[in-house]
Amino acid sequence: MASPILKFPFLSHTTSLSKPLAFYPLSLTPKPRKTSRPIHVKQQQQGSIKCHAVTDLTSGNTVPSSIEDQSIGEDNDDHLVLVGPSSEEERRGEREVADYDWTEEWYPLYLTKDVPDDAPLGLTVFDKQVVLYKDGQGDLRCFEDRCPHRLAKLSEGQLIDGRLECLYHGWQFEGEGNCVKIPQLPANAKIPQSACVKTYEVRESQGVVWVWMSSRSQPNINKLPWFENFARPGFKDSSAVHELPYDHSILLENLMDPAHIPISHDRTDLSAKRENAQPLRFEVTERTDRGFAGWWGGGDAQTLPNFLRFEAPCVLSNNREFIDEKGVKQYFSGLFLCRPTGQGKSMLIVRFGGTAMPQIANWIPEWFFHQRGCTVFEQDMGFLSSQNEVLMKEKVPTKKLYLNLRSSDTWVAEYRKWMDKTGHGMPYHFGHNTISLPGLPAVVEHAPAGLVAGVSASFPAKGGTGTMHAPNLANRYFRHVIHCKGCSGALKAFNTWKKALSAISLALTALAILVSGRQWKAALLVSTSLCLAGVYACSTLIQMSTTNFIRTHRRF
């Protein structure tokens, strides 16, 4: 059984935290923002302004009065239960608008250890498609995932001598994006200077590959996230990548919502029990243009032991520290790096770890932890996908739809209000008071088919379907295994052992038929039984890696 601390850092009970962990300070410079209608603006502080704009809906549809507004009447006690306005400005219908550009941020692309050595990897940030690969020197390179010749995806190409080749016509590109080979050109012709690809800056930090999405400004190294706990001596973590079929904002909401864990993940391990569901207390200690932070814990706890921080654009951390029986301070972290990958899609890098992990964790293979993690995400997947669907259908801010409780949803309200301040600088967003809908239709991705599919399933860059698995983000194999070298290697090993044991059991059965001695027959049949038990065990392990969790009451 996975360690409760490793699986659910939200639920582990510790004694105290001394003070928030250090984090890099950031500031923003204000600039005018265009609006589609008159707004009353007044300067509040450097980096933000206030305006009397409640929504940014461009349509003429009228929106019903919000649940929040209805709950703050003199004769209504709902305001004691529901999350209300967090400031006088919000009560007056004013909101802050921060200077924000989604491209001038670092986004987590992949775990360094899982980047393929021999194939390009196609990824997306919002609606921008990029390709990540290792060149001949092992350095990470990132291009726009589009060949300048005929727009074919370079992530469907291959690596030749450290160069990225487009498989459509064989054009090859080196690390700086220059085209160095066009097979169709005459021998004396020069390669056009325009035959180059757009490049993106990437950096590797603490085991994660980050990409800077802006082409107008140089990478801001000060914005590159650094997590103090992960640099502490003796800190160990388990990390995994998961692709998920709902928007990154819904993913972040879910991850900053400890109240759902006892219900949604009841009995997933010893730390989640529905009878432990209880009111929680939250204390917001910081609100900035870059996010928010604060403490939280059980409603009856004398202290708030957990420190949560959300940092733009997509970093969520939940930290704890305590003094062990030897008087040594220990640290635990749950880190969630959530990358938007298009409408209704997201990719998560999840990292759980600490300086004093249980000894049993050293004996359990990492693929087992990863499959337990897949189960957790699958338990949430149905209702989170439906939530995504409702937001897209209703096309109104979350204030009009959510019934946020003070005792469970404080972080969710804070996050959507942060979206109000910065959402104008994103391709699309759903805020507390504002929304901006996607301007482009969702793109349907296609995976390789035919004979190539079986081979390409070995490479996460190819998005292969193999012979059993459809290219569907609801499928565990596609959501996680192809992105994880450890789990894909374990799956191959289980398949190999299954085939070998099946062949051996067949041979032993044949020998048992041919031999005449009873003792030999018995020995061979016993050996056959053991091999068949191994085949069954391998089949079960393969099923763990490829089959989604389904709740008992949902089985038909």
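The values are calculated or read from the model by the stated rules, or taken from the named source; none is laboratory data. For clarity, every value in this text was computed on a predicted model and none was experimentally measured. Cβ sites come from the backbone with ideal geometry, for glycine too, and all protein chains shown count toward neighbours. Just the protein is used for accessible areas: all its heavy atoms, side chains included, with ligands, DNA and RNA removed. Shrake-Rupley method; radii C 1.70, N 1.55, O 1.52, S 1.80 Å.
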Is one or more of the residues making up the stretch 268-283 surrounded by fewer than 20 Cβ atoms within 10 Å (Cβ to Cβ), over 30 Å from MET392 (Cβ atoms), in contact (Cβ under 8 Å) with a residue 60 or more places away in the chain and hydroxyl-bearing (Ser, Thr, Tyr)?
no
Please return the ranges of helices (runs of 4 or more DSSP H) entirely within the stretch 470-556 where 1 or more residues are among the polar types (S, T, N, Q) and under 28 Å from LEU384 (Cα atoms).
485-514, 518-546
Exactly one of VAL481, VAL526 is aliphatic (A, V, I, L, M) and under 25 Å from LEU244 (Cα atoms), and that residue is VAL481
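Within the stretch 347-360, can you find the residues that are modelled with pLDDT under 90 and buried (at least 18 other Cβ atoms within 10 Å of the Cβ)?
Result: MET357, single match.
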Restricting the search to the stretch 104-147, which residues are open to solvent by less than 20 Å² (accessible area, probe 1.4 Å), assigned to a loop (DSSP other than H, G, I, E, B) and either of a type in the set (A, V, I, L, M) or in contact (Cβ under 8 Å) with a residue 60 or more places away in the chain (or both)?
GLU105, VAL115, PRO116, ALA119, PRO120, PHE126
Do we find a residue being under 25 Å from PRO219 (Cβ atoms) and at pLDDT below 95 anywhere in the stretch 183-191?
no
Tally up the residues in the stretch 516-556 that are open to solvent by 60 Å² or more (accessible area, probe 1.4 Å), under 17 Å from LYS499 (Cα atoms) and over 27 Å from the mean Cα position of the chain (by Cα), please.
4
For the stretch 485-499 the number of residues that are surrounded by 17 or more Cβ atoms within 10 Å (Cβ to Cβ) and among the aromatic types (Phe, Trp, Tyr) is 1
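I need the full set of residues from the stretch 148-158 which are hydrophobic (A, V, I, L, M, F, W, C) and open to solvent by less than 40 Å² (accessible area, probe 1.4 Å), in order please.
Hits for the stretch 148-158 are ALA152, LEU154.
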Could you tell me which numbered condition GLU394 fails, if it satisfies all but one of (1) open to solvent by 30 Å² or more (accessible area, probe 1.4 Å); (2) within 22 Å of the chain's Cα centre (by Cα)?
(2)
Lone qualifier among TRP367, TRP411 - being touching a Cys at 6+ places or on another chain (Cβ under 8 Å), of a type in the set (A, V, I, L, M, F, W, C) and surrounded by 17 or more Cβ atoms within 10 Å (Cβ to Cβ)
TRP367
With respect to ILE364, is the statement that it is assigned to a helix (DSSP H, G or I) and modelled with pLDDT under 90 true?
no
Scan the stretch 435-446 and report the pairs whose first residue is aliphatic (A, V, I, L, M) and outside any loop (DSSP other than H, G, I, E, B) and whose second residue is at pLDDT 70 or above and surrounded by 11 or more Cβ atoms within 10 Å (Cβ to Cβ), with Cβ atoms within less than 6 Å and a gap of 6+ or a chain change.
ILE435/PRO397
Answer residue from the stretch 223-277, given it is of a type in the set (Phe, Trp, Tyr) and part of a loop (DSSP other than H, G, I, E, B) and is nearest to PHE478 (Cα to Cα) among those
TYR246
